[in-house]
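In what follows, a single structure is set out as structure tokens and then discussed.
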Amino acid sequence: MPGKFTDRIIRAPVAFTFRDLILLPGLSEVEPGEIDVRTRVSRHYALNIPFVSSPMDTVTEAEMAIALARQGGLGVLHRNCTIEEEVEMAKRVKRAESFIIRDVVTVRPDQTVGEAIEIMRKHEISGLPVVGDGDRLVGIVTARDVRFADLGLKVADVMTHVERLITVQEDITLEEAKRILQKHRIEKLPVVDEQGRLKGLITVKDIMFRDRFPNAVRDEEGRLLCAAAISPFDLERALKLDKWVDILVMDVAHFHNRNCFEATKRLLKRVGADIIVGNIGTYKAAEDAITELDGIAGFRVGIGSGSICITMEFLKAGSPTLFATAQVADAVADYGADLPIIADGGIRNPGDAALALALGASCVMMGNVFAGCKEAPGEMVAIGGRYFKRYRGMASPSARARRHAVDRYHTKGVAEGVEGLVPYRGDVASVVAEFVEGLKAAMGYAGARNIRELWEKARVAMLTEVGVKEAGPHSILLPSQEPFRSW
């Protein structure tokens, strides 16, 4: 009769990974071009593509978040920085494009031309509304006004005064704004109230971006969707980000922890953004979160599967992303929770994404894939005629050394991540296009016309170790390989 320890081995589930499973082809009545990959990322927000970038300091800063939102996905800003730096990244995303820019960067009439130029350079903009007392609009100054001007001059000396400006009120429609901009051959349209106070700014650039990126995901004010990572213990960071972002994503290696739960309960009472909790990896973790954390908006699942994570190897603890996704999806279904699941870690190609979605995920989160993109903050490196970008785990030694955020990574005595290089992939738009087409093809094999149908129709099979090898190219010399040596 086996004892309790032996019984644990006998009853141990198979913690399958992406390489262990394949999608089985099913009866299909849909072509890839007809497949809809729209999905939800949290309780209140939807995406046009199911791809989310990881909150890592070599993956997601403002540029990545902007690029992904324009493609229909979501970037989660990393938190390995000061609170002020993360808030500023969020502001940049929200300012990137909008019908009416609400957080307008302004200048005072008594500031110098040199100061105005520096403000434009810092915020990467070409013009500044000039406001006086009580935020009353008194003029506008553009890059053309300050070009070659004496840096010591006052802004009031070079600006276009309000009497010569075309202004509009907040109830203006997009079509009306386009007509006014075209009629007067202007690029900026200040929005004011009845007292002449500045309330916003409409620009030609932002309107053109709306036409150029029709698949972009935006908030109610027409600004790009933005998410940011937080620790449940960093209430100050959460409150300051809450003013700017739509979604706050818990960034905890092991969220199923009593202290994390209690901190999250306090945080849920104070913020208005959707809060996605994680990372978790078991049915029990999801069950406890669903029953104890009223108001959460989604789950981030997977522990130890990332390409730069060594937790499962070094500590023999973890929950592979695919296994974790199925576990959490079962709990969500059993409790009727209707909470989206983000499968996080280990996704290398569209097939991996399809498997995660087939087993209950609503979105997939990728670090390695997006780290190789032009928009990622990682440094470019040339080796042997090929280009790479630097990529590191947030529990790696160098990331821990830089740590600014409140969390438990820094207090642990061991590093659970590594750092290295990933191949350069090009821009985000190209990578997303490849993944979308690949995902649609995989869903076509399963006979699913959307992600919800994939949950119902998909069937999977397990591969043996030999089968895994046979699933890839074999019995052929590939161009990238060295020629066989003759003996």
The answer for LEU47, listing residues at least 5 apart or on another chain whose modeled amide H is closer than 5 Å to its amide H, is THR39, ARG40, VAL41
Calculated from DSSP helices alone, with each H run of at least 4 adding -39500 (n - 2.57) and the total divided by the residues of the chain, [θ]222 nm to the nearest 500 comes to -9500 deg cm²/dmol
Ignoring any ligand, DNA or RNA, what whole percent of the accessible area of the chain comes from carbon and sulfur when the probe is 1.4 angstrom?
51 percent
Tell me, what ³J(HN,Hα) does each residue in region 16-33 have, in order and in whole Hz, if you take phi through Karplus 6.51 cos²θ - 1.76 cosθ + 1.60 with θ = phi - 60° and put x for Gly and Pro?
5, 10, 4, 6, 7, 10, 9, 7, 7, x, x, 4, 10, 10, 9, 9, x, x
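List the relative contact order of region 261-307 as a percent without decimals, with contacts defined as Cα pairs under 8 Å and 6+ residues apart.
46 percent
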Environment charge at GLN169 (Cβ cut-off 10 Å; Lys +1, Arg +1, Asp -1, Glu -1)
-3
Give LYS94/LYS122; LYS188/LYS374; LYS389/LYS440 a once-over and call out the pairs whose C-alpha atoms are over 20 Å from each other.
LYS188/LYS374; LYS389/LYS440
Restricted to the chain, the DSSP antiparallel beta bridge percent, nearest 5, is 55 percent
Mind running the shape call on region 98-144? Use the C-alpha gyration tensor, a ≥ b ≥ c as the square roots of the eigenvalues: rounded below 1.5 for a/c, prolate if a/b tops b/c, oblate otherwise.
oblate
Multiply the residue separation of SER126 and LYS316 by 0.36 nm, subtract the distance between their alpha-carbon atoms, and state the gained length in nm to one decimal.
63.0 nm
Tell me whether region 185-296 comes out rounded, prolate or oblate; compute the Cα gyration tensor, take square roots of the eigenvalues as a ≥ b ≥ c, and use a/c under 1.5 as the rounded threshold.
prolate
A correct Karplus calculation of ³J(HN,Hα) over region 248-260, with 6.51 cos²θ - 1.76 cosθ + 1.60, θ = phi - 60°, whole Hz and x for Gly and Pro, returns 10, 10, 4, 10, 10, 5, 9, 6, 6, 9, 4, 5, 5
Neighbours of MET64 by Cβ distance under 13 Å: Lys/Arg at +1, Asp/Glu at -1, summed charge 0
Cα gyration tensor shape for the chain, rounded if a/c is under 1.5, else prolate or oblate:
prolate
Sorted by chain and number, the residues with a modelled amide H under 5 Å from that of GLY26, at a separation of 5 or more or across chains, are ALA446, GLY447
Can you sort THR464, THR82 by 1.4 Å-probe accessible area, starting with the largest?
THR464, THR82
Solvent-accessible area per residue for the chain (1.4 angstrom probe, square angstrom)
49 Å²
Can you give me the relative contact order of the chain as a percent, contacts being Cα pairs under 8 Å and 6 or more apart?
21 percent
Whole-Hz ³J(HN,Hα) for each residue in region 232-243, computed from phi via Karplus 6.51 cos²θ - 1.76 cosθ + 1.60 with θ = phi - 60°, x for glycine and proline: what do you get?
x, 8, 10, 5, 4, 4, 4, 5, 6, 6, 4, 6
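The values are calculated or read from the model by the stated rules, or taken from the named source; none is laboratory data. Every value quoted in this text rests on a predicted model; they were computed, and no experiment measured them. Every residue, glycine among them, receives a Cβ derived from its backbone with ideal geometry; neighbour counts consider all protein chains shown. Surface accessibility is based on the protein's heavy atoms, side chains included, excluding ligands, DNA and RNA. Shrake-Rupley method; radii C 1.70, N 1.55, O 1.52, S 1.80 Å.
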